[in-house]
Amino acid sequence: MTGLDGREQRVVEAVAAGRDELVDLLSDLIGFDTTARVLGDPARDEAKLQQHLGERLGAAGAEVDIWEPAPGELPPGPQPVQREPRQAAMHPHRPSRRYTDRHSMR
């Protein structure tokens, strides 16, 4: 007995069935460098990520509106914390995939 009702069990099974696709999607998303090092830095891969997600959502039938806010339209965000570089990471389910070439994993 799992303690899940029928709907919850179907969701768990659907996620398990699509596991490889989900891992691939997350691997793609992690590859976009959206980190901010210093407040006011120019955009990195935010536009590429938005385009990628817009294309995926559009292909699934969603209406997508991608726009760039005007300067001053959004409040400034918090100052990012400076962190030490990360060690090279390996994909836990696909050890042959190394992410040393990805900016967010350095």
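A few remarks follow.
- Rounded to the nearest 20, the size of the Cβ-charge dipole of region 9-52 about its Cα centre is 120 debye, with Lys and Arg at +1 and Asp and Glu at -1.
- Distance from the alpha carbon centroid of region 51-68 to that of region 1-42 works out to 18 angstrom.
- Residue exposure sequence - 63, 21, 55 - by fewest surrounding Cβ within 10 Å: 63, 21, 55
None of the figures in this text is laboratory data; all of them are computed from the coordinates on show. Source: prediction; values computed, not measured. Counting neighbours? That spans all protein chains shown, and the Cβs are built from the backbone with ideal geometry, glycine included.
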